[in-house]
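J.: First, the structure itself, so that you have it in front of you.
The values are calculated or read from the model by the stated rules, or taken from the named source; none is laboratory data. Since the model is a prediction, treat every value here as computed from it, not as a measurement. For neighbour counting, all protein chains shown are included, and Cβ atoms are generated from backbone atoms with ideal geometry for every residue, glycine included.
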Amino acid sequence: SPINAVFARVFPQEPIKGLQPKNDPLLAVHADAPPLSAERLELRLVRPQEPDADADAASRAEAEELARWLREEVLDREEIRERDVPTKIKPRHVAILLRTLTKARDYLEALRRYDIPCLTEGEKHFYERQEIIDAVNLLRAAVNPHDALALVGVLRSSLGGLSDSGIEALAREGLLDYRRIVSVEAGNAVSVAPLYALIAELHRELPIVPLPDVMDVVLSKAPLLELAAASMDHEQAVANLLKLRDIVAQFASRPDVTLPGLIAELTSRALEPPDETESPLAEEGLEDREQQGAVRLLSIHKAKGLEFPMVILAGIHRGTDRRESRILVQHDWSTGIVGLRVGDLQTAGGVYVGHKLAQRQRAEQARVLYVAMTRAKRRLVLSAGLPAKSRGGESFLSRVAEAMDLDLAAIETSTIRLGEVEVPIQVVPGRDVAPRVGVTEPRWREADGDLGAFLPRWNERVERWQAAKQTRLFMSPTALEEATTKSRGMVSSAGASHATADAETARLVGILAHRVLEGWDFTDDVGKLHARVAELCRKGLSLESHATVDVEQVEAELRGLFETFTASPSYAELRRATILGREVPFAMPWEGGKGQPAARWSQPCIMEGVIDLVYRLDGRVWIADYKTDRVADEELEARAAGYRIQAQVYREAVARSVGAKSVGVQFLFLRNGRAVQV
């Protein structure tokens, strides 16, 4: 009866074509026994303590009061009929409906503070649970020691227990790296030493265990389950971690998944959560009359087609949070009129279509409100905060107030009559809202004493920032050579190679010479080289250069270069060598070569490059690097010495890769037909 009375005023009396059908009232199912005192429609309004409270503050106050009311006045106290038997209201009887779950956090935290079991159904929530975030951060930090953000997340979690100031102290001491903590026995390192040892152990073990067993190893070594059981969510948090274990095992069973790929997928889901509900642990008691179950939180959209003994339609003071676009082009299909609006300017069609669109949106919101209010079987509670500034006709509260003839500005606790029944209205003051879970200290602190004390720290920050901008994450042998020679005031051999030749022609000769040798079989007929050179000059020049070059000159230089090289002793050695690789790319951690001061680099980086040729000859592994420099024979030794850093990097890369103790390096000067060992 009261719902019919509300929607008799919300919906138009007569159908509107293309907008709203005729409203047919609900037909109640009359039971033999009269309704219990708690089986009713009621309106609960919470007035925040702050006089200028916005919608968010009103929601927090409403959520806190709603949780208190459920715990202290409703659950296990009031009764509703369940299968015609009066039954104390349990959490499993209650569903809280929200327009969207984007604001569900306030209600979830309030319910958990009052120890009311709750379950969020649908939408993006599972990967936003704290225990899931902590587990994903631990995995990320263990797999990638360079993921400082994940490590900070672990340190701030219940696993690490550090405050922001404690983490700052670690950072200032250079201890945000669990690989470097082993030898530290004093200071801030003491508090994190056990945790760092745990992460380091996972770092060693996770890459060698079967991928589906990764979460089992983590849960067996880290006290995540114990911490989850001790949290305010108890078994639900534990069940969520076990569900994460099952998700990881299922994803890891795919044949193309690697450990870094698994971590990347979990990170992606944490940043852009997919639709994933929490573990169904709480659902086990939802239908069992002997168990209390859990309060369900779900969106109105998710509630379509469902019914619940008691429904709380919460946050009805909030609007749709829809932002109007400054530019609007809308076509009305029923009339064929196109409306245009740009800022405050609009066409006549824009005025008509805009008005019609607003009518449709208002009618759609009325239908959504109807869906929400008709989900209740026995009891319906309309709950709202009272912000200082109302959202007008956008909010459900304004529609309900209009239907009930209520003045929200002067409303007080009272009882009104709707249809054949009385509807109680309660207006209660809001309480002090507890801080959000996980917020233990203010984001900003007032400075004590002289602000001049901060100047050295600020200057230190500026210096670190300037140093960070100069730090190279990736380095090549050529760049390392240039940096080293520049620091010594020397001129690098790189760039001086073709000082007396046309730069573009010399560059193309070098590129095409490498291209020829990349696919050349040294045991093949040397005469075929001329045909290969001619083919590359016809096809390769247009791809490698947009400048106008003398093709005949490039081809002549290449022919002369290879005639000299193929007649040399160096080429004869390559004919009998075992080729291990051509154009071999490499990347390796680099902190400076051992025993080679000339190649040291002050900051750790990733050294990357491409080695022209790797071969084995007479039981030894050799590296060959082709050079097309124009240089006199008597200057070859000096020129090769300029490439010493490159030789060292290549030697270390091959030694690390193939495990060879002795690796030879020689530079093949193709124009001279000479090899210089470095």
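J.: Just wondering, is there one or more residues in the range 127-136 that are surrounded by fewer than 22 Cβ atoms within 10 Å (Cβ to Cβ), under 25 Å from LEU259 (Cβ atoms) and in contact with a Pro (Cβ under 9 Å, 6 or more places away or on another chain)?
T.: Looking for residues that are surrounded by fewer than 22 Cβ atoms within 10 Å (Cβ to Cβ), under 25 Å from LEU259 (Cβ atoms) and in contact with a Pro (Cβ under 9 Å, 6 or more places away or on another chain), one finds at least one in the range 127-136, hence yes.
For every residue, the table says whether it meets (1) touching a residue at least 24 places away in the same chain (Cβ under 8 Å); (2) in a strand (DSSP E or B).
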{"position": "GLY336", "(1), (2)": "no, no"}
{"position": "GLY349", "(1), (2)": "no, no"}
{"position": "ALA358", "(1), (2)": "no, no"}
{"position": "ALA363", "(1), (2)": "yes, no"}
{"position": "VAL371", "(1), (2)": "yes, no"}
{"position": "SER383", "(1), (2)": "yes, yes"}
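J.: A further question on this structure: Which is surrounded by 17 or more Cβ atoms within 10 Å (Cβ to Cβ) and of a type in the set (Gly, Ala, Ser), of GLY336, GLY350, GLY343?
T.: GLY350
J.: Taking the options GLN470, GLN466, name whichever one is under 14 Å from CYS605 (Cβ atoms) and either at pLDDT 75 or above or of a type in the set (S, T, N, Q) (or both).
T.: Just a single option satisfies the conditions, and that option is GLN470.
J.: Now a separate question. Return the pair list, or none, for Cβ contacts closer than 8 Å from residues in the range 468-483 that are part of a helix (DSSP H, G or I) to residues that are at pLDDT 75 or above and of a type in the set (Phe, Trp, Tyr), at least 6 apart or on different chains.
T.: Qualifying pairs under 8 Å: PRO477/TYR650; GLU481/TYR643.
J.: If you go through the range 239-248 one residue at a time, do you hit one that is over 18 Å from ALA141 (Cβ atoms), in contact with a helix residue (DSSP H, G or I) (Cβ under 7 Å, 6 or more places away or on another chain), surrounded by fewer than 16 Cβ atoms within 10 Å (Cβ to Cβ) and modelled with pLDDT under 90?
T.: No.
J.: If the requirement is being in a helix (DSSP H, G or I) and under 25 Å from LEU27 (Cβ atoms), which of these qualifies: ARG399, ARG417, ARG378?
T.: Selected residue: ARG399, the only one of ARG399, ARG417, ARG378 that is in a helix (DSSP H, G or I) and under 25 Å from LEU27 (Cβ atoms).
J.: Can you spot a residue in the range 565-573 that is on the phi < 0 side of the Ramachandran plot, modelled with pLDDT under 85 and polar (S, T, N, Q)?
T.: Taking every residue of the range 565-573 in turn, none turns out to be on the phi < 0 side of the Ramachandran plot, modelled with pLDDT under 85 and polar (S, T, N, Q).
J.: VAL295 - would you say it is among the aliphatic types (A, V, I, L, M) and modelled with pLDDT under 85?
T.: On the way: among the aliphatic types (A, V, I, L, M): yes; modelled with pLDDT under 85: no.
Answer is no for this residue.
J.: Test TYR107 against the stated conditions and say whether it is assigned to a helix (DSSP H, G or I), more than 30 Å from SER37 (Cβ to Cβ), in contact with a strand residue (DSSP E or B) (Cβ under 7 Å, 6 or more places away or on another chain) and not basic (Lys, Arg).
T.: Answer is no for this residue.
J.: Tell me, which residue of the range 197-238 that is modelled with pLDDT of 85 or more and acidic (Asp, Glu) is farthest from THR258 (Cα to Cα)?
T.: GLU226
J.: Being surrounded by fewer than 22 Cβ atoms within 10 Å (Cβ to Cβ) and at pLDDT 70 or above is the filter here; which residues of the range 309-324 pass it?
T.: Within the range 309-324, PRO309, GLY319 qualify.
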